[in-house]
Amino acid sequence: MGTVAEQGPLLSVEDLRVSYRSGEGRADAVRGVTLEVRPGEVVALVGESGSGKSTLAHAVIHLLARGGRVDGGRLRFGGEDLTGLSEQQWREVRGRDIGLVPQDPTVSLNPVMRVGAQVAEVLVLHGLAGRRQARARAVELLGEAGLDRPEVRARQYPTELSGGMRQRVLIAVALAARPRLVIADEPTSALDVTVQRGILDHIAALTSTLGTAVLLITHDLGVAADRADRIVVLQHGQVVEHGPTAHVLGAPRHPYTRALIAAAPSLADIPGRRAPAARTEPVGGPGSALPDDGRAAPLLSARGLVKEFALPRTAGGARTLRAVDEVSFEIPPGRTFALVGESGSGKSTTARLVLRLEQPTSGTVHLDGADVTRVSGERLRRLRRRVQVVYQSPYASLDPRFTVERVIAEPLRAFRVGDAATRAARVCELLDRVALPAGVAGRLPAELSGGQRQRVAIARALALHPDLVVLDEPVSALDVSVQAQILDLLAELQAEHGLSYLFISHDLAVVRQIADEVGVMHRGRLVERGTPEQVLLDPRQAYTRELVEAVPGRRARALGVSG
């Protein structure tokens with residue numbers, strides 16, 4: 001590659017057009033996109049799923065998925081034309097001049113190859129080091145990417161690392177050859193906000209030190225606001241708005257940009273200051289009294305919940321892991337209690353105890369005053385009817401072989417509610433209630449978008465008229481605009497049917513929109529409780545303050561941008 005001109009763009013995309021082969025011919029994915037990335041600059045490409053962001057990124061490095069084709073346009077890097085490069089020339093460019101941090105480390109890392117070897121491979125392939133030198137350098141790169149004990153991590157396999165650790169391995173791989181441009185394709189979308197901040201901080205620090213430019217692909221305007229010098233907004237494969245970050249977020253011109261900003265929970269204003277005397281303290285221990293503030297008797301009451309899991313025997317090591325440690329809370333009728341915390345904090349295990357999918361080691365769960373902690377048989381079956389669940393992934397939680405009608409009607413069949421005609425009528429009623437057209441009843445989940453699938457999951461959860469719905473990260477896999485629609489729907493359903501929600505999330509910006517009360521979990525314990533305003537504006541625990549500080553969009557909020 002030639003030397004980059006002092007003021008010229010490092011990457012230049014001119015009128016790029018990309019299509020994919022489908023059953024009905026070719027479908028346009030990128031339609032005439034033009035953009036530039038200058039040396040040392042961070043440009044964020046934002047938009048919803050299907051907007052063409054990732055397709056554009058993969059076209060830039062000649063890694064389109066099967067069926068993809070560049071139909072026109074020009075790519076220049078460092079002033080040189082990439083359009084006519086051979087596959088061998090592309091292999092030389094990728095990794096050495098342009099690095100990629102992909103979205104999913106589970107797919108992107110070789111599960112049977114040690115992570116150190118995967119980092120070293122980049123150096124060897126590009127002739128930057130011999131094998132022995134590359135192995136030593138890989139340990140250094142893993143340390144630079146923020147991994148603790150990098151010499152140990154280098155000898156581990158991807159499956160032995162957490163999601164955040166695996167993402168750091170991908171950063172080490174992408175930066176191993178010191179490329180001039182890094183494309184980060186949704187590098188933190190599946191991670192907790194604190195881990196997300198750490199990953200993005202490391203990318204920023206390393207690329208700043210090296211003078212590397214970054215093309216950041218994200219659907220999260222809060223992340224773009226904090227990290228980008230310029231923002232390019234993509235809709236239906238076309239650029240609808242672009243400019244300096246402060247201009248795009250502070251004075252958006254296009255309705256689509258304004259809609260994205262309005263839907264982004266991390267950009268939303270935090271409501272008014274709390275009244276200090278109203279604060280609820282954490283509750284612990286089976287005998288602890290819950291607050292008596294004149295509210296209605298709780299629908300659900302959890303007292304002193306403990307869950308321990310056996311660990312493999314190791315010399316001198318602990319034999320059990322206490323995943324939930326003396327957790328107590330209550331949920332009044334028609335109210336929402338949110339449990340927040342990082343992965344591994346115990347919030348999902350607590351939800352499984354409430355659902356009776358796990359048996360507590362100690363403690364109790366009461367529903368409408370009745371102890372349901374150890375019920376079985378017919379009593380457990382009746383509990384299942386009153387307490388339903390919506391899981392995180394709308395892709396994994398619906399049986400791909402069932403039509404939408406059968407998915408929603410399955411609880412009715414299981415509990416022998418009504419005949420075929422009444423069940424079909426109930427399905428139509430539920431589809432209407434979650435704002436889906438009746439025509440989707442005969443379709444398979446694979447034919448629906450992520451937001452539509454989650455609406456089907458909610459309709460299924462409502463089929464038996466439950467009193468309590470446990471929502472385990474129900475919007476974390478969705479774009480911000482779809483996320484906002486689902487949160488609005490949940491609020492409407494709660495108001496209409498008096499539902500109670502146990503809402504599990506790692507995202508304080510999301511729970512601010514839906515929760516009446518928030519409990520913060522850390523290492524299995526409930527360390528803080530209060531209203532969303534209390535927890536966001538006056539956190540008392542250092543861990544809660546860390547969560548609040550990690551919510552993306554602080555730069556936008558400082559500029560006065562609000563959702």
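Every read-out reported here was derived from the displayed coordinates using simple, explicitly stated rules and does not represent laboratory data. This structure is a prediction, so every number in the text was calculated from the model and none was measured. Quick reminder, even Gly has a Cβ in these numbers, built from the backbone with ideal geometry, and neighbours come from all protein chains shown.
For the reader, a short list of remarks on this structure follows.
- Whole-percent P(r), region 439-485, all Cα pairs, 10 Å bins from 0: 24, 50, 27, 0.
- Nitroxide proxy distance, nm - points 7 Å out along Cα→Cβ at A204 and E447: 4.6 nm
- The relative contact order of region 104-178, computed from alpha carbon pairs under 8 Å that lie at least 6 residues apart in sequence, is 43 percent.
- With 0.36 nm allotted per residue and the present C-alpha distance subtracted, the R406-S49 stretch has 125.8 nm of extension available.
- Charge dipole (the chain, unit charges on Cβ, about Cα centre) - positive-most of T159, V327, Q452: T159
- When the helices of the chain are scored as -39500 (n - 2.57) per DSSP H run of n ≥ 4 and the total is divided over every residue, the value at 222 nm lands at -10500 deg cm²/dmol.
- Dipole magnitude of region 394-532, debye to nearest 20 (Cβ charges: Lys/Arg +1, Asp/Glu -1, about Cα centre): 420 debye
- Each Lys and Arg adds +1 at its Cβ and each Asp and Glu adds -1 at its Cβ; summed about the Cα centre, the chain shows a dipole of about 1340 debye.
- The mean sequence separation of alpha-carbon pairs under 8 Å and at least six residues apart, normalised by the residue count of the chain, gives a relative contact order of 16 percent.
- Count Lys and Arg as plus one, Asp and Glu as minus one, and take only other residues whose Cβ is under 9 Å from that of V390; the net charge is then 0.
- Panel note: the C-alpha atoms of region 308-383, placed on their principal axes, show extents of 47, 31, 16 Å (largest first).
- Charge tally around A302: other residues with Cβ under 11 Å, Lys/Arg +1 each, Asp/Glu -1 each, net -1.
- Binned Cα-Cα distance frequencies in region 82-147 - 10 Å width, integer %: 19, 46, 30, 5
- Rg/Rh ratio calculated on Cα atoms of region 104-178 (Kirkwood radius): 0.92
- Among G68, Y395, A57 - extreme Cα towards positive end, dipole of the chain, charges at beta-carbon: Y395
- The simple spin-label model puts a point 7 Å past each Cα toward its Cβ; for Q156 and V124 those points are separated by 2.2 nm.
- Within region 104-178: Cβ-based charge dipole about Cα centre, in debye rounded to nearest 20 (Lys, Arg +1; Asp, Glu -1): 240 debye
- Neighbourhood charge, 9 Å Cβ-Cβ cut-off, centred on A120 and excluding it, Lys, Arg +1 and Asp, Glu -1: +2
- With the largest listed first and rounded to whole Å, the semi-axes of the equivalent ellipsoid of region 453-563 from the Cα gyration tensor are 26, 18, 12.
- Fraction in percent of alpha-carbon pairs per bin - 10 Å, the chain: 3, 16, 24, 25, 19, 10, 3, 0
- Taking the centroid of alpha carbons for each part, region 60-109 and region 110-124 are 20 Å apart.
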